[in-house]
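The values are calculated or read from the model by the stated rules, or taken from the named source; none is laboratory data. Since this is a predicted model, take the numbers as computed values, not measurements. Quick reminder, even Gly has a Cβ in these numbers, built from the backbone with ideal geometry, and neighbours come from all protein chains shown. Protein only, heavy atoms only, side chains kept; ligands, DNA and RNA dropped before computing areas. Shrake-Rupley method; radii C 1.70, N 1.55, O 1.52, S 1.80 Å.
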Amino acid sequence: MAVNYIYPEQEIVRNYDRCIACRACERQCANEAHEYLPEQKKMTSDDAKCVSCHRCVSICPTRALKIVRTDHDFRKNGSWDKKNIYEVYKQAETGGVLLSSMGNPLDFPIYWDKILLNASQVTNPSIDPLREPMETRVFLGAKSQDVTRGADGKIIPKTTPQLELSLPVMFSAMSYGSISYNAHESLARAATELGIYYNTGEGGLHEDFYVYGANTIVQVASGRFGVHREYLDAAAGVEIKMGQGAKPGIGGHLPGKKVGADVSRTRMIPMGTDAISPAPHHDIYSIEDLRQLVFSLKEATAYKKPVIVKIAAVHNVAAIASGIARSGADIVSIDGFRGGTGAAPTRIRDNVGIPVEMALAAVDKRLRDEGIRDRVSVVAAGSIRNAADVVKAVALGADAVYIGTAALLALGCHLCRTCNVGKCNWGIATQQPDLVKRLNPDVGYRRLVNLMTAWKHEIEEMMGGMGINSIESLKGNRLMLRGVGLNEKELSILGIGHAGE
Amino acid sequence: MAVTLNAKALGYQPLNDAVRAATGDIEITECFGERFIAASATADKKLLIHGVPGNALGCYMDGASVVVDGNAQDAVGDTMNDGEIIIHGRAGDALGYAMRGGSIYVKGDSGYRTGIHMKQYLDKRPVIVVGGCTGSFLGEYMAGGLLIVLSLGSGDEADVGRFTGTGMHGGRMFIRSKNPPRDVPEQVVYRRAEADDIASIAPQLSRFSELFGADKELLLTSVYWLLEPNSTNPYTQMYTNN
Ligand code: SF4
Ligand code: SF4
């Protein structure tokens, strides 16, 4: 008799007094956790198949279902918790490298939650954003270093290409392949309506989405999938992917079985072939080499588009960002260790990288100390959850932030963390047509617009409270931040005082 | 309209601006390391370059034709989509990086990582023919297209360094040599090319002879090793969902 070492993490609880056996949960679950028993005319379920995506809970007409975390546990043990024990079981059984998705779920400190914002009282009046104009617009790109005047004394304008954002938030890189067509359409349309940008990730750009090019950032990774002249021409900006917060030092490998007809078209590789983009760009071994890729993209786009370099937040991120600023890149994007992913080895996701709060503060300080802060814009990513995180990131020195997980949550993601399996019941992290159509782009795009509109109001309120009416005046304004419960070292890296100071 | 541009007088950015603005025959003189020439250039441009163009010649190129009468440097044809690059000398490292279409002919040797990430898609089948030998990691991560190394001028034994075909998962690679390649990973199989294999590359061999005056008969009757991905042994590291 087979012995199963693993007890399911969650239990499906059905209230049989309410269940009318309509079988909707059965139809909606791609994991086949629900089943109708015709003889008994009742539903049953298999907890082992449930991934806790809450699709059934959300559609059940009688609210008969809930998913609970199991209370089944091992004997209490300070060093061997259930997670570690089960991971050993899984590997002992399969010999496989553990694969996970979404961001690092472990209990590391979240510095956003240990930072508090300032507000004006008495002397420096706060501003009511409903009454007075507030500026949340930002421009990303290198800023002019000096002023040149013509013979007539007039300033000769020499602006480098900029990305104009109506609020300092963009949708981060998620490739077509890791997420669905409908998810991409929702992001592209929302970015267009909001006057911000979404990012194609490294999977190429579907021909249907070229019309959203003015609000699209296209990515160039080591494998160069889907990169060609028209792709670069279509975009507003080009991002070189050097690293990703969820898996620093690890590349992408889309297995051939996920490369169907449409994904093959955008990646420009034959159907069914592996798409391998290793972590290193094999033509980049130095900042000078990076400079070459940056300028090759600028040449290919006639210097009309800003070039972003995206790196994972790692130990010596400040020195790396300084090199990037000197490489000619217009924008550096820093992805913290909590950033999401469609698939990453568990060990890497859970153990590599540093918090973006620390990385951002260190990068901003380093660039200021070196007098090159204006040469690049800084975008922070990986764990931005709400408008307060955005405001804190800007005050720590970010020009803007990228959001990934928050955008997917707006589209219906329930953070079940099984994107790597490809059976997302919410139509997001899947290529299965029956599942993809559950995400209606008309609804999805609206929800994204709503979320960003709400955040914009909240950002304005927080700024107004501080007596600041332009986001530019908040940038790097660390006097507006105080730490709670942080030690001296943490405060000094963040460059902020403690509450009460 | 034919234009002649003096690279030395212009420097690389103005030179490339001028190339972008021009169409038809474009002749570049006194080229000495100017980078990114013919970046994303389309079929309305035909370049003839005297001297040594700098890195990333023809990057993202999309249909133009480029002839270099000397050597070229690194990353020639990076992410090239279409067109032809002919080099009457040697080429540097990462020749044809992630090239998806068009062809590159090099009369002499090329450097490390020749044909890295080369791929193919629908009717796009890129071709690289290197007349001499190459550095190590030939065809690294190669995912498609045709890569031919003729090793002319080095006896009948190819020197392509080590680790040929590391990460290769598509395309075909021919190496003209008496001896089989070394260090081929288990995900790649190699065998002596048969007559019909060689016949399949006859158009590229003829083009090479025609361009550089090589002995076509010799090329057609030599011993070649054909490397292809080993489909029974793919790169599927075993993963366990967690
Ligand atoms: S959706 Fe709700 S009511 Fe319908 S079968 Fe499932 S649990 Fe019962
Ligand atoms: S995108 Fe889908 S599969 Fe991934 S965590 Fe969200 S709900 Fe789960």
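For the stretch B:157-215, enumerate the residues that are touching a residue at least 60 places away in the same chain (Cβ under 8 Å) and within 14 Å of chain A (Cβ to nearest Cβ).
B:165, B:167, B:168, B:169
Among A:13, A:57, which is open to solvent by 50 Å² or more (accessible area, probe 1.4 Å), in contact with a strand residue (DSSP E or B) (Cβ under 7 Å, 6 or more places away or on another chain) and within 11 Å of ligand 1 (Cβ to nearest atom)?
Among A:13, A:57, only A:13 is open to solvent by 50 Å² or more (accessible area, probe 1.4 Å), in contact with a strand residue (DSSP E or B) (Cβ under 7 Å, 6 or more places away or on another chain) and within 11 Å of ligand 1 (Cβ to nearest atom).
For the stretch A:249-277, how many residues meet the condition of being assigned to a helix (DSSP H, G or I), open to solvent by 20 Å² or more (accessible area, probe 1.4 Å) and away from chain B (no Cβ under 11 Å)?
3
Of the conditions (1) within 19 Å of the chain's Cα centre (by Cα); (2) assigned to a helix (DSSP H, G or I), residue A:473 satisfies every one except a single condition; which number is it?
Against the list (1) within 19 Å of the chain's Cα centre (by Cα); (2) assigned to a helix (DSSP H, G or I), residue A:473 comes up short only on (1).
Please go through the stretch B:34-54 and pick out each residue that is within 20 Å of residue B:88 (Cβ to Cβ) and open to solvent by 20 Å² or more (accessible area, probe 1.4 Å).
B:34, B:35, B:46, B:48, B:50, B:51, B:52
Out of all the residues in the stretch B:149-164, is one or more modelled with pLDDT of 95 or more and crowded, with 24+ Cβ neighbours inside 10 Å?
Yes, because at least one residue in the stretch B:149-164 is modelled with pLDDT of 95 or more and crowded, with 24+ Cβ neighbours inside 10 Å.
Quick test for you: out of A:482, A:446, pick the one residue that is more than 16 Å from ligand 1 (Cβ to nearest atom) and under 30 Å from residue A:258 (Cβ atoms).
Only one candidate passes the filter, namely A:446.
Just one of A:416, A:424 is within 16 Å of ligand 2 (Cβ to nearest atom), within 14 Å of chain B (Cβ to nearest Cβ) and touching a His at 6+ places or on another chain (Cβ under 8 Å); which is it?
Of A:416, A:424, the one residue that is within 16 Å of ligand 2 (Cβ to nearest atom), within 14 Å of chain B (Cβ to nearest Cβ) and touching a His at 6+ places or on another chain (Cβ under 8 Å) is A:416.
Identify all residues within the stretch A:50-84 that are among the hydroxyl-bearing types (Ser, Thr, Tyr) and either within 14 Å of chain B (Cβ to nearest Cβ) or within 16 Å of ligand 2 (Cβ to nearest atom) (or both); write none if there are none.
Passing the criteria: A:52, A:58.
When you go through A:415, A:451, A:435 one by one, which is the residue that is open to solvent by less than 40 Å² (accessible area, probe 1.4 Å) and touching a residue at least 24 places away in the same chain (Cβ under 8 Å)?
A:435
Does residue B:31 satisfy the criteria of being without any contact (Cβ under 8 Å) to a residue 60 or more places away in the chain and either open to solvent by 20 Å² or more (accessible area, probe 1.4 Å) or within 19 Å of residue B:97 (Cβ to Cβ) (or both)?
No.
Those residues that are more than 14 Å from chain B (Cβ to nearest Cβ) and either open to solvent by 90 Å² or more (accessible area, probe 1.4 Å) or more than 10 Å from ligand 1 (Cβ to nearest atom) (or both), I need them from the stretch A:39-49; list them, please.
Result: A:39, A:40, A:41, A:44, A:46, A:47.
If a residue counts only when it is within 10 Å of chain A (Cβ to nearest Cβ), which strands (runs of 3 or more DSSP E) contained entirely in the stretch B:28-93 have at least 1 such residues?
B:62-68, B:82-87
For the stretch B:165-204, give me each residue that is surrounded by fewer than 14 Cβ atoms within 10 Å (Cβ to Cβ) and assigned to a helix (DSSP H, G or I).
Answer for the stretch B:165-204, where residues must be surrounded by fewer than 14 Cβ atoms within 10 Å (Cβ to Cβ) and assigned to a helix (DSSP H, G or I): B:195, B:196, B:199, B:202, B:203.
Between A:16, A:5, A:36, which is more than 16 Å from ligand 2 (Cβ to nearest atom), within 14 Å of chain B (Cβ to nearest Cβ) and either more than 30 Å from residue A:91 (Cα to Cα) or touching a residue at least 12 places away in the same chain (Cβ under 8 Å) (or both)?
After applying the criteria, what remains is A:5.
Only strands (runs of 3 or more DSSP E) wholly contained in the stretch A:1-79 count here; list those with 3 or more residues that are closer than 24 Å to residue A:428 by Cβ.
So the answer is A:65-69.
Check the stretch B:125-134 and report whether any residue there is touching a residue at least 12 places away in the same chain (Cβ under 8 Å), surrounded by fewer than 24 Cβ atoms within 10 Å (Cβ to Cβ) and hydroxyl-bearing (Ser, Thr, Tyr).
No, the stretch B:125-134 contains no residue that is touching a residue at least 12 places away in the same chain (Cβ under 8 Å), surrounded by fewer than 24 Cβ atoms within 10 Å (Cβ to Cβ) and hydroxyl-bearing (Ser, Thr, Tyr).
When you scan the stretch A:169-206, how many residues do you find that are β-branched (Val, Ile, Thr) and either closer than 19 Å to residue A:309 by Cβ or not in a strand (DSSP E or B) (or both)?
Number satisfying all stated conditions: 3.
Counting just the residues of the stretch A:301-326 that are away from chain B (no Cβ under 14 Å) and part of a loop (DSSP other than H, G, I, E, B), which one comes out most open to solvent (accessible area, probe 1.4 Å)?
Among those that are away from chain B (no Cβ under 14 Å) and part of a loop (DSSP other than H, G, I, E, B), it is A:315.
Residue check, residue A:212 against (1) buried (at least 17 other Cβ atoms within 10 Å of the Cβ); (2) hydroxyl-bearing (Ser, Thr, Tyr); (3) within 14 Å of chain B (Cβ to nearest Cβ), all met but one. Which one?
Result: residue A:212 fails condition (3) only.
Within the stretch A:278-300, work out how many residues are facing chain B (nearest Cβ under 8 Å) and in a loop (DSSP other than H, G, I, E, B).
So the count comes out to 3.
Being assigned by TED's automatic domain parsing to the domain that holds residue A:255 and more than 18 Å from the chain's Cα centre (by Cα): is that true of residue A:428 here?
no
For the stretch A:295-313, name all the residues that are among the aliphatic types (A, V, I, L, M) and over 23 Å from the mean Cα position of the chain (by Cα).
A:297, A:300, A:302, listed by residue number.
When you scan the stretch A:105-115, do you find a residue that is within 14 Å of chain B (Cβ to nearest Cβ) and under 25 Å from the mean Cα position of the chain (by Cα), even just one?
Among the residues of the stretch A:105-115, at least one is within 14 Å of chain B (Cβ to nearest Cβ) and under 25 Å from the mean Cα position of the chain (by Cα), which makes the answer yes.
For the stretch A:337-382, how many residues meet the condition of being surrounded by 24 or more Cβ atoms within 10 Å (Cβ to Cβ), within 14 Å of chain B (Cβ to nearest Cβ) and in contact with a helix residue (DSSP H, G or I) (Cβ under 6 Å, 6 or more places away or on another chain)?
The number of residues fulfilling the criteria is 1.
Based on this model, can you work out whether residue A:286 counts as hydroxyl-bearing (Ser, Thr, Tyr) and open to solvent by less than 20 Å² (accessible area, probe 1.4 Å)?
No.
Let me spell it out: the conditions are (1) over 20 Å from residue A:419 (Cβ atoms); (2) within 16 Å of ligand 1 (Cβ to nearest atom); (3) surrounded by 17 or more Cβ atoms within 10 Å (Cβ to Cβ), and residue A:30 meets all of them except one. Which number is the exception?
Against the list (1) over 20 Å from residue A:419 (Cβ atoms); (2) within 16 Å of ligand 1 (Cβ to nearest atom); (3) surrounded by 17 or more Cβ atoms within 10 Å (Cβ to Cβ), residue A:30 comes up short only on (1).
For the condition part of a loop (DSSP other than H, G, I, E, B) and in contact with a Ser or Thr (Cβ under 6 Å, 6 or more places away or on another chain), what is the one hit in A:467, A:485?
Step by step, each of A:467, A:485 is checked, and only A:467 is part of a loop (DSSP other than H, G, I, E, B) and in contact with a Ser or Thr (Cβ under 6 Å, 6 or more places away or on another chain).
Checking the condition open to solvent by 50 Å² or more (accessible area, probe 1.4 Å) and within 14 Å of chain B (Cβ to nearest Cβ), which residue from A:87, A:93, A:132 passes?
Result of the check over A:87, A:93, A:132: A:93.
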